[in-house]
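Trainee: Mind looking over this structure? Questions follow.
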Amino acid sequence: MSETPTVAVTDDERVKEMSAFRKALIRPELGGICGTIIVFTLFLLFAHDSGMFNSQGIMNWSVVSAQFMIIAVGACLLMIAGEFDLSVGSMIGFAGMMIAIFSVTLGWPVWMAILVTFALCIAIGALNGYIVVRTGLPSFIVTLALLFILRGFTIYLPQTIERKTIIGGVADAAQGDWLAALFGGKVLTGLFSWLGEAGLIETFERGTRAGQPVVDGIPMLIVWALGLVVFGHVLLTRTRFGNWIYASGGDAQAARYVGVPVNRVKILMFMFTAFCATVFATCQVMEFGSAGADRGLLKEFEAIIAVVIGGALLTGGYGSVIGAALGALIFGVVQQGLFFAGVESSLFRVFLGIILLFAVVLNTYIRRMITGER
Amino acid sequence: MSETPTVAVTDDERVKEMSAFRKALIRPELGGICGTIIVFTLFLLFAHDSGMFNSQGIMNWSVVSAQFMIIAVGACLLMIAGEFDLSVGSMIGFAGMMIAIFSVTLGWPVWMAILVTFALCIAIGALNGYIVVRTGLPSFIVTLALLFILRGFTIYLPQTIERKTIIGGVADAAQGDWLAALFGGKVLTGLFSWLGEAGLIETFERGTRAGQPVVDGIPMLIVWALGLVVFGHVLLTRTRFGNWIYASGGDAQAARYVGVPVNRVKILMFMFTAFCATVFATCQVMEFGSAGADRGLLKEFEAIIAVVIGGALLTGGYGSVIGAALGALIFGVVQQGLFFAGVESSLFRVFLGIILLFAVVLNTYIRRMITGER
Amino acid sequence: TLASAEGEKYVLVSHAPDSDSWWNTIKNGIALAGEQMGVEVEYRNPPTGDLADMARIIEQAAAAGPNGIITTLADFDVLQGPIKAAVDSGIDVIIMNTGTPEQAREVGALMYVGQPEYDAGLAAGMRAKDDGVTSFLCVNHAIQQPTVGERCRGFADGLGVDLGDSMLDSGTDPAEIKNKVLAYLSANPETDGILTLGPVSADPTIAALEENGMAGDLYFGTFDLGDEIVKGIKAGVIQWGIDQQPFLQAYLPVVILTNYHRYGVLPGNNINSGPGFVTADGLEMVEKFAGEYR
Amino acid sequence: MNPEHAPLIEMKNIEKHFGSVIALAGVSVEIYPGECHCLLGDNGAGKSTFIKTMSGVHRPTSGEILFEGRPMRFDDPRDAIEAGIATVYQDLAMIPLMSVSRNFFMGNEPLKKVGPLKFFDHALAAEVTMSEMRKMGINLRGPDQAVGTLSGGERQTVAIARAVHFGAKVLILDEPTSALGVRQTANVLATIDKVRKQGIAVVFITHNVRHALAVGDRFTVLNRGKTLGTAQRGQITPDELQDLMAGGQELVALEDSLGGTV
Amino acid sequence: MNPEHAPLIEMKNIEKHFGSVIALAGVSVEIYPGECHCLLGDNGAGKSTFIKTMSGVHRPTSGEILFEGRPMRFDDPRDAIEAGIATVYQDLAMIPLMSVSRNFFMGNEPLKKVGPLKFFDHALAAEVTMSEMRKMGINLRGPDQAVGTLSGGERQTVAIARAVHFGAKVLILDEPTSALGVRQTANVLATIDKVRKQGIAVVFITHNVRHALAVGDRFTVLNRGKTLGTAQRGQITPDELQDLMAGGQELVALEDSLGGTV
Ligand SMILES: Nc1ncnc2c1ncn2[C@@H]1O[C@H](COP(=O)(O)OP(=O)(O)OP(=O)(O)O)[C@@H](O)[C@H]1O
Ligand SMILES: Nc1ncnc2c1ncn2[C@@H]1O[C@H](COP(=O)(O)OP(=O)(O)OP(=O)(O)O)[C@@H](O)[C@H]1O
Ligand SMILES: [Mg+2]
Ligand SMILES: [Mg+2]
């Protein structure tokens, strides 16, 4: 009685065996990996001489991709947890505007402006999550409301306070600020100037920076993007909390039954998404020195698109951060690459739509293979 | 054996009885009805002397609400059928542009331009539906792709063909066209000029039209809106097909099992949504005489918001056309009312977001009462 | 920079979202110049009008190594870095449309071609003041774009009144614009002047005034031209349209850059393409090419 | 049961593959009018898949379906319903947000003509629903009560009542009693008995040997996508049947204390 | 079974209202270690609601829960799990898109320390899952197979194996056999028996009198939110029990042919 040996399970006869290679291959990121390979191959073929793959060009699409990555990581974890956030774009505009108002209009030290903005935005993220969790409303509607509310304030506040919708001068205020450097600075400048001197990358020909390398360091934006991707990936795949994220998105009720604190997980993910949006906004403000009411428009869609291209399931419970990062890379490379390739810019959207459709169909096929879903 | 009399069901003892009045009251439209009453009360209190409720003011918010209604009816039926369409806004831009290109650039008779455009747009709606139904992808993603693709073409085509992105001159081309009058004309002009002469509505005091009544007829836009609302309401509540729409959205698999042609229903609803968007676009082009590449931006959200304010469930299977129409009315009245009331216009978005949140919470509460959902 | 061979490549970067129809004239301008000069031209813009995205596009354009970049300076803070980097890496830059001559000099551009937005608004405001306008409504269809709003600020300052609540966030839907204007006018009957910021807001505003019978009664000025605006001017509904001649803003830089690169010649000064007030007199050419080259 | 009758449905050598999964590997079954045909078998044996090919949900990969002697090809559940096959699926085909009467008539809405137009006859639907439910022993608060407010057992009853109401010739029930209480189960079995006596063919899937023996006329056992044969009532003992249902494998020791039948 | 022992769980006068619905109207039950306590009753009697108050899903409207003699208040299923109450719900708590091992350890992930950080110990999880599933007679393709690819019976088995693995003191099973085949059912009943003999209390909900009698030590019958009393094994005949389960109402006539028990 201690074993139940009579119940032998031999389902095999009715299922064809899958080769080990095929098994190793199919993973959530597969769509993203294929997409990346295809995209790079195409652009290497058709735009190799356009400057897209010189140091400046690489830096260009890297920065754009890194931007997408920062918000895609947040959107990805949130989507896996079964929700999504349409207020990301408005949050970016709002966060930037707050930093500018605090530091320029109110004259606070920049580090304080940044910290207070982070606190404020994460609190708004928590509010988003709290409303979704408490009312059980779809996050589409709740965050759509926040989209309007935040954008409204982003236009109204500077309009009322400063009588314009753009606030500049943050760069001056941020001179020498320790925290600002964490968002707006560059790393590895030494390496790059050495590379420039060694003639390995091009240098400026004239102007105040003549002789300096055209790419003089890795912007903190890229460092943040990589850091967030690694953090998100480890969190999702290697920790208990990661398992809870999957569980909350896969079936909230089931997860609750076995003791997963689903509400906490969802609210935390909304906060993390807000955090990512604020990182995005802070990097942008620190790099460009001004905040405008138009910042971040439609970024929520771009984040969602990157995540979906990367193989996550819109309905939650399935996806990977690496996939989302690859999705962001594809998105960034395609967007900038089309410019390099000289495609009529209004056709960019047409391409984007087609790539999106193609990517989701591919991903769906892969996912069905993995999960045996019908 | 012919009856099974022994099984008496007497669940009553464990359920409190609900009063007949309360029962009559709770219906999907209740949220919309309450909202409408609240909104009108508020504006009557705070903006009664702003001209919002004279004949011109009434016409003003009626036209705006009618616009929302036209797209809300389509979005409502589609949402009840369990899908939604983010490409409505792009479709509006696209349809308008097509009419202009056909009639002005290609010089076709306007009625032919309109008919061909309707055919084209409905075909695109069918494509939307076909992709959703065949691939089983969420309509969010599929229609998001179409959003980009259609908008891309709306910018690209006139740019390539006509070297401009606003094509005017449709009004001239439409002079005397029988079909154009069905979209751009006004009805009951006789009644209104009689009313004006009788002094029942104000007349212009100055300008070119001094002496004419300030409101000289009901625009066809309003007629279309009311017609579509009636059509949608009857279709949904009084016909077999209406039951299928509910069933397809409530549980597609269950509906399929009992023989409801779910795929056909969904594709037809996508086509109907496209039809509504095209009606919107045609009315707009006929009224303003020009088509622009930027027409219809964000209209998809406005349609969804109106429908949700009107009590429909984003996940499908529940809602009412009357509710959606009231949602559109609320939306229109609030938007225009805020201007009459002199509220800073950039705060409109903030109000919109708050009203949306408030409405969905109210509707959720009502729905739970009706369906006993937990 | 002394290559006299044909086939130079120039990129024009604007700050306008895809949907802004006014920029079409610009596209036509560079296309024509490109054809005439035998150079390759490209038009680039941030799809949503996000200026931070525009900065990336300038960086991208620089990386692609064209002979010259023509760009707007919609936000000095945001764009100065990328533009300076482009200049430093050996690409010649001309600032067009938005910005000021001073800013253009500061980023190292060759010259500035355009109409400083604030100044144009100011000039329009002073003209309106002379015509007896005391209060106004500014219909802003692109509230999120800072540059366009500058026109309203300038206009208010020119009139000598406070901007206050007279700037209307109208959105881009023509029916909504029309009805918002109607609502505003009936709620604020003392308004005696209207300023629209482009065809997107002007066309429905014309319709609004025709509807409430104030067409011709109200002082109505607009920026930029289009089919309906020209008709409006002709019909007396619109007093004037400020034509900043976008065609020139696009056409001239290409010609100037090409000649500079081929023959080393460069005008010694900035070029103000506007503001030019287009009134009912001399509308013929304007009418013919409005929306295309005007 | 009258085996001399021509069979109502003949399923010949039905195969059904889902991608790499072979759910049915050639199953042949005949259904006669007026019989209750029990379909038994282990989890995953292919019972649900089999009846779904019969009711038009799945198209068989190969094999033939004869309905009243003529070859039939159901492309859609609709075709099967029109041919007179009513099915209560294991995963109930009920829509919680819709009212009982709308659910009851879903896919079969009664129409009334108003001029050239046909409208959903709500009055008739409400009336029929109320009376049918009353016959099954369920007193509804009203025909417009949402199905979501019914208990699981009540929902099951609505599904069965609906199938009986429309099931002209064949009624297929996929584990209708699995979630039901003793009383509700007895009620369902009584209904099966009643329906059968009206000359309707019933296909009844269950895991409960006793339920099968209570109402079944013939028993077909499926195992791993193949049929182990069909037995007449009386030709087989409960123990034999149970062994067959377990796929011929021995059961764990505990069984004895259950008196042979689980 | 040892009634002299102190009860492990005492539920005293539990009431639970959902809005206007009174699901439990004062139910008291005691659960002893090492017993299999069967909870029986009609559909909608309140069985699931009752065990959900026991496992922390619902908070009782009134009443008291004593766990090992001390008053307990579970705010969350997590609290109950930590106290040693493992539950297999009627609506399985399995996530189809996740792998078996992630599902198995969901909410109870094994951790390994790497410096100050704690990571999910995938290797351990995979190993435990494979061996536990093997014990239950299920050979998985691998621990990272998605639950969605398992058959219904296999899923049920994962849920039970999980509960047994973590169920330190009490194992609650809500209709675990309702969808299972004969063989799988026998297996589950054997598992219950085994678990009980290890001194774990088992609460077993079923509609099948025979299953209840096969493994049950004591039987509590609920009816319309109230308890009809608790009986010892041997003190009650199957027929009496069945009558109680049907809520004391007569069953339809057909029943005779079933030999008394449905
Ligand atoms: N749509 C599908 N895609 C892939 N495999 C399927 C599909 N439907 C069923 N199967 C597989 O086919 C086999 C038979 O399934 P089926 O549902 O017919 O079994 P069953 O006899 O009804 O079992 P149960 O008694 O558990 O209801 C199973 O292995 C199942 O996993
Ligand atoms: N969350 C809830 N909200 C409202 N009513 C509920 C809720 N949960 C259960 N009920 C009601 O409480 C009663 C008892 O339900 P419960 O699920 O406990 O019954 P059960 O004995 O488990 O029945 P079954 O044998 O069908 O599983 C039913 O009338 C049910 O409709
Ligand atoms: Mg089955
Ligand atoms: Mg239960």
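Trainee: Which one of the conditions (1) touching a strand residue (DSSP E or B) at 6+ places or on another chain (Cβ under 9 Å); (2) open to solvent by 10 Å² or more (accessible area, probe 1.4 Å) does residue E:205 fail to meet, given that it meets all the rest?
Mentor: The number of the failed condition is (2).
Trainee: In addition: Hey, any hits in the range E:51-60 for a residue that's within 16 Å of ligand 4 (Cβ to nearest atom), of a type in the set (Gly, Ala, Ser), more than 14 Å from chain D (Cβ to nearest Cβ) and touching a strand residue (DSSP E or B) at 6+ places or on another chain (Cβ under 7 Å)?
Mentor: Yes, the conditions are met somewhere in the range E:51-60.
Trainee: Separate question: Just the residues that are among the small types (Gly, Ala, Ser) and more than 22 Å from residue A:163 (Cα to Cα), please, taken from the range C:103-126. Step through it out loud before you land on a result.
Mentor: The initial filter retains those residues of the range C:103-126 that are among the small types (Gly, Ala, Ser), namely C:104, C:108-109, C:114, C:120-121, C:123-125.
Across the range C:103-126, the qualifying residues are C:104, C:108, C:109, C:114.
Trainee: Please tell me if residue B:354 is buried (at least 21 other Cβ atoms within 10 Å of the Cβ) and either within 16 Å of ligand 4 (Cβ to nearest atom) or away from chain C (no Cβ under 14 Å) (or both).
Mentor: Details: buried (at least 21 other Cβ atoms within 10 Å of the Cβ): no; either within 16 Å of ligand 4 (Cβ to nearest atom) or away from chain C (no Cβ under 14 Å) (or both): yes.
Here the answer is no, as residue B:354 does not meet what is asked.
Trainee: Still on this model: Name the single residue, out of those in the range B:150-167 being within 17 Å of residue B:281 (Cβ to Cβ) and surrounded by fewer than 24 Cβ atoms within 10 Å (Cβ to Cβ), that is nearest to the other protein chains (Cβ to nearest Cβ).
Mentor: Filtering first and then ranking leaves B:153.
Trainee: So which residues in the range B:220-276 are away from every other protein chain (no Cβ under 13 Å), open to solvent by 10 Å² or more (accessible area, probe 1.4 Å) and among the small types (Gly, Ala, Ser)?
Mentor: B:227
Trainee: If a residue must be closer than 23 Å to residue E:79 by Cβ and either more than 12 Å from ligand 2 (Cβ to nearest atom) or not aromatic (Phe, Trp, Tyr) (or both), how many such residues does the range E:14-57 contain?
Mentor: Of the residues in the range E:14-57, the ones closer than 23 Å to residue E:79 by Cβ are E:14-18, E:23-24, E:27-33, E:37, E:39, E:46-57.
Okay, now just the ones that are also either more than 12 Å from ligand 2 (Cβ to nearest atom) or not aromatic (Phe, Trp, Tyr) (or both), so E:14-17, E:23-24, E:27-33, E:37, E:39, E:46-49, E:51-57.
Here the count works out to 26.
Trainee: Right, something else. Can you confirm whether residue B:73 is open to solvent by 10 Å² or more (accessible area, probe 1.4 Å), touching a residue at least 24 places away in the same chain (Cβ under 8 Å), part of a helix (DSSP H, G or I) and touching a helix residue (DSSP H, G or I) at 6+ places or on another chain (Cβ under 9 Å)? Lay out the reasoning, then the answer.
Mentor: On the way: open to solvent by 10 Å² or more (accessible area, probe 1.4 Å): no; touching a residue at least 24 places away in the same chain (Cβ under 8 Å): yes; part of a helix (DSSP H, G or I): yes; touching a helix residue (DSSP H, G or I) at 6+ places or on another chain (Cβ under 9 Å): yes.
Criteria not met by residue B:73.
Trainee: Here are D:107, D:153: which of them is assigned to a loop (DSSP other than H, G, I, E, B), open to solvent by less than 10 Å² (accessible area, probe 1.4 Å) and away from ligand 1 (no atom under 16 Å from the Cβ)? Break it down into steps so the answer makes sense when it comes.
Mentor: On the way: D:153 fails: assigned to a loop (DSSP other than H, G, I, E, B).
Matching residue, one of D:107, D:153: D:107.
Trainee: Same structure, new question: Just checking, which of E:193, E:174 is away from ligand 4 (no atom under 16 Å from the Cβ) and of a type in the set (Asp, Glu)?
Mentor: Numbers: E:174 fails: away from ligand 4 (no atom under 16 Å from the Cβ).
Step by step, each of E:193, E:174 is checked, and only E:193 is away from ligand 4 (no atom under 16 Å from the Cβ) and of a type in the set (Asp, Glu).
Trainee: In the list D:161, D:168, which residue meets the criterion of being out of contact with any helix residue (DSSP H, G or I) (no Cβ under 8 Å at 6 or more places or on another chain), closer than 22 Å to residue D:82 by Cα and small (Gly, Ala, Ser)? Step through it out loud before you land on a result.
Mentor: Working: D:161 fails: out of contact with any helix residue (DSSP H, G or I) (no Cβ under 8 Å at 6 or more places or on another chain).
Result: D:168 is the single residue among D:161, D:168 that is out of contact with any helix residue (DSSP H, G or I) (no Cβ under 8 Å at 6 or more places or on another chain), closer than 22 Å to residue D:82 by Cα and small (Gly, Ala, Ser).
Trainee: Can you tell me which residues in the range C:81-105 are part of a helix (DSSP H, G or I) and surrounded by fewer than 20 Cβ atoms within 10 Å (Cβ to Cβ)?
Mentor: Going through the range C:81-105, the residues part of a helix (DSSP H, G or I) turn out to be C:81-88, C:101-105.
Result: C:81, C:84, C:101, C:102, C:103, C:105.
Trainee: Of all residues in the range C:109-139, which are under 19 Å from the mean Cα position of the chain (by Cα), open to solvent by 30 Å² or more (accessible area, probe 1.4 Å) and among the β-branched types (Val, Ile, Thr)?
Mentor: none
Trainee: Looking only at the range D:172-198, which residues are within 16 Å of residue D:89 (Cα to Cα) and of a type outside the set (S, T, N, Q)?
Mentor: D:172, D:173, D:174, D:175, D:176, D:179, D:180, D:188, D:192 - these are the residues of the range D:172-198 that are within 16 Å of residue D:89 (Cα to Cα) and of a type outside the set (S, T, N, Q).
Trainee: Same structure again: Output the residue which, of all residues in the range D:1-13 that are open to solvent by 60 Å² or more (accessible area, probe 1.4 Å) and aliphatic (A, V, I, L, M), is nearest to residue D:77 (Cα to Cα).
Mentor: Only one residue fits best here, namely D:6.
Trainee: Within the range A:90-102, is there a residue that is closer than 26 Å to residue A:224 by Cβ, open to solvent by 20 Å² or more (accessible area, probe 1.4 Å) and part of a helix (DSSP H, G or I)?
Mentor: Initially, the range A:90-102 is screened for residues closer than 26 Å to residue A:224 by Cβ, giving A:90-102.
When the remaining residues are screened for being open to solvent by 20 Å² or more (accessible area, probe 1.4 Å), the result is A:102.
When the remaining residues are screened for being part of a helix (DSSP H, G or I), the result is A:102.
Yes - at least one qualifying residue is present in the range A:90-102.
Trainee: Please verify whether residue D:16 is open to solvent by less than 50 Å² (accessible area, probe 1.4 Å), more than 16 Å from ligand 4 (Cβ to nearest atom) and within 14 Å of chain E (Cβ to nearest Cβ), treating the condition exactly as stated. Give the steps one after another, and end with the answer.
Mentor: Values: open to solvent by less than 50 Å² (accessible area, probe 1.4 Å): yes; more than 16 Å from ligand 4 (Cβ to nearest atom): yes; within 14 Å of chain E (Cβ to nearest Cβ): no.
Taking the combined requirement at face value, the residue does not satisfy it.
Trainee: Looking only at the range D:187-199, decide whether some residue is at pLDDT 80 or above and open to solvent by 60 Å² or more (accessible area, probe 1.4 Å).
Mentor: yes
Trainee: Check whether at least one residue in the range D:52-61 is among the small types (Gly, Ala, Ser) and within 16 Å of ligand 1 (Cβ to nearest atom), and report yes or no.
Mentor: From the range D:52-61, those among the small types (Gly, Ala, Ser) are D:55-56; that's our starting set.
Applying the additional criterion that residues be within 16 Å of ligand 1 (Cβ to nearest atom) yields D:55-56.
Yes; the residues of the range D:52-61 include at least one that is among the small types (Gly, Ala, Ser) and within 16 Å of ligand 1 (Cβ to nearest atom).
Trainee: Of all residues in the range C:272-294, how many are in contact with a strand residue (DSSP E or B) (Cβ under 6 Å, 6 or more places away or on another chain), open to solvent by 50 Å² or more (accessible area, probe 1.4 Å) and within 20 Å of residue C:29 (Cα to Cα)?
Mentor: Residues in the range C:272-294 being in contact with a strand residue (DSSP E or B) (Cβ under 6 Å, 6 or more places away or on another chain), open to solvent by 50 Å² or more (accessible area, probe 1.4 Å) and within 20 Å of residue C:29 (Cα to Cα): 1 in total.
Trainee: So in the range E:162-186, with the set limited to residues that are away from ligand 2 (no atom under 16 Å from the Cβ) and open to solvent by 10 Å² or more (accessible area, probe 1.4 Å), which one is nearest to the other protein chains (Cβ to nearest Cβ)?
Mentor: Among those that are away from ligand 2 (no atom under 16 Å from the Cβ) and open to solvent by 10 Å² or more (accessible area, probe 1.4 Å), it is E:183.
Trainee: Follow-up question, since we're still on this one. Write out, first by first residue and then by second, each pair whose Cβ atoms fall under 6 Å of each other, whose residues are 6+ apart or on separate chains, and whose first residue, in the range E:145-161, is away from chain A (no Cβ under 11 Å) while the second is β-branched (Val, Ile, Thr) and more than 16 Å from ligand 3 (Cβ to nearest atom).
Mentor: Close Cβ pairs (under 6 Å, with a partner that is β-branched (Val, Ile, Thr) and more than 16 Å from ligand 3 (Cβ to nearest atom)) amount to E:160/E:88.
Trainee: Just the residues that are within 11 Å of another protein chain (Cβ to nearest Cβ) and within 18 Å of residue C:205 (Cα to Cα), please, taken from the range C:148-164.
Mentor: Within the range C:148-164, the subset within 11 Å of another protein chain (Cβ to nearest Cβ) is C:148-150, C:152-153, C:156-157, C:162-164.
Selection gives C:148, C:149, C:152.
Trainee: Let me ask something else. So which strands (runs of 3 or more DSSP E) are wholly in the range E:31-72 and hold at least 3 residues that are crowded, with 18+ Cβ neighbours inside 10 Å and away from ligand 3 (no atom under 16 Å from the Cβ)? Write out each step before concluding.
Mentor: On the way: elements: E:36-41, E:62-67, E:70-72.
Fully inside the range E:31-72 and qualifying: E:36-41.
Trainee: Can you find a residue that is away from ligand 3 (no atom under 16 Å from the Cβ), within 14 Å of chain E (Cβ to nearest Cβ) and open to solvent by 30 Å² or more (accessible area, probe 1.4 Å) anywhere in the range D:75-93?
Mentor: Within the range D:75-93, the first condition is being away from ligand 3 (no atom under 16 Å from the Cβ), and the residues that meet it are D:75-86.
Among the residues that remain, those that are also within 14 Å of chain E (Cβ to nearest Cβ) are: none.
Within the range D:75-93, not a single residue is away from ligand 3 (no atom under 16 Å from the Cβ), within 14 Å of chain E (Cβ to nearest Cβ) and open to solvent by 30 Å² or more (accessible area, probe 1.4 Å).
Trainee: Right, next: Are any residues in the range E:198-225 more than 22 Å from residue E:54 (Cβ to Cβ) and away from ligand 2 (no atom under 16 Å from the Cβ), and if so, which ones? Lay out the reasoning, then the answer.
Mentor: First pass over the range E:198-225, keeping only residues more than 22 Å from residue E:54 (Cβ to Cβ): E:209-210, E:213-214.
Within the range E:198-225, E:210, E:213, E:214 qualify.
Trainee: Among the residues of the range B:290-342, which ones are within 11 Å of chain C (Cβ to nearest Cβ), surrounded by 24 or more Cβ atoms within 10 Å (Cβ to Cβ) and on the phi > 0 side of the Ramachandran plot?
Mentor: Residue satisfying the conditions is B:296 alone.
Trainee: Cβ-Cβ under 6 Å, sequence separation 6+ or interchain: first residue in the range D:165-177 and within 16 Å of ligand 1 (Cβ to nearest atom), partner assigned to a strand (DSSP E or B). Which pairs?
Mentor: Short answer, once both residue conditions are applied: D:172/D:87; D:172/D:203; D:173/D:88; D:173/D:204; D:174/D:205; D:175/D:205; D:176/D:88.
The values are calculated or read from the model by the stated rules, or taken from the named source; none is laboratory data. What you see is a predicted model, and the numbers here were worked out from it, not measured in a lab. For neighbour counting, all protein chains shown are included, and Cβ atoms are generated from backbone atoms with ideal geometry for every residue, glycine included. In case anyone asks, the SASA skips ligands and DNA or RNA and just uses the protein heavy atoms, side chains included. Shrake-Rupley method; radii C 1.70, N 1.55, O 1.52, S 1.80 Å.
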